[in-house]
1. Do we have any residue at all in region 66-74 that's surrounded by 14 or more Cβ atoms within 10 Å (Cβ to Cβ) and aliphatic (A, V, I, L, M)?
2. Whether any residue in region 57-75 is at pLDDT 90 or above, assigned to a helix (DSSP H, G or I) and within 14 Å of the chain's Cα centre (by Cα) is what I want to check.
3. Can you tell me which residues in region 1-48 are touching a Lys or Arg at 6+ places or on another chain (Cβ under 7 Å), surrounded by 15 or more Cβ atoms within 10 Å (Cβ to Cβ) and touching a residue at least 60 places away in the same chain (Cβ under 8 Å)?
4. Condition first: of a type in the set (S, T, N, Q), over 29 Å from residue 6 (Cβ atoms) and not in a helix (DSSP H, G or I). Can you find one or more residues in region 78-88 that meet it?
Amino acid sequence: MKAHKPIKEIMTTDLVTVYPETKVSKIKLMFDAHDFHHIPVVEKGGLLTGIISKEDFFKLSYVLSLNTSGHTYSKMEYDNLSAKDIMTKYPLSLDPDDTTGLAADIFLANKFHALPIIEDNKLVGMVTTHDLLKYSFNSNTVSKEETETF
């Protein structure tokens, strides 16, 4: 992997986002319907205010299962809670010109799996550990050391 490649060349730009007021019941449907693991939370105009991971949602579901008597009560809670209640507020983000190496270092040091990409204070993309793996293993670049035989 070329660690100096800009994130903008591998980031996902076709994002599904929610507003802080989006109900948790709708977020559950979004996670059920799609294969992604993170949903950025944005204000109108694309200003990033948070991120929700599937793990955040599963933790909420687990806590509700411990504190409630059944499915009906959990459903009521999903209808009353909003994205702003379960999101990670103001997550660490990168600039589109930051490198894949920097993203990899952040993922390794913090055990994150997704980083929002912000340009001019607006969400423009997301890079995930999956994006980095795909880039690394689909790269057609082979270093000189890998091609030399002795």
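1. no
2. No, there is no match, as no residue in region 57-75 is at pLDDT 90 or above, assigned to a helix (DSSP H, G or I) and within 14 Å of the chain's Cα centre (by Cα).
3. 20, 37, 46
4. yes
The values are calculated or read from the model by the stated rules, or taken from the named source; none is laboratory data. Quick caveat, the model's predicted, so the values are computed rather than measured. Please note: Cβ atoms are built from the backbone with ideal geometry, for glycine as well, and neighbour counts cover all protein chains shown.
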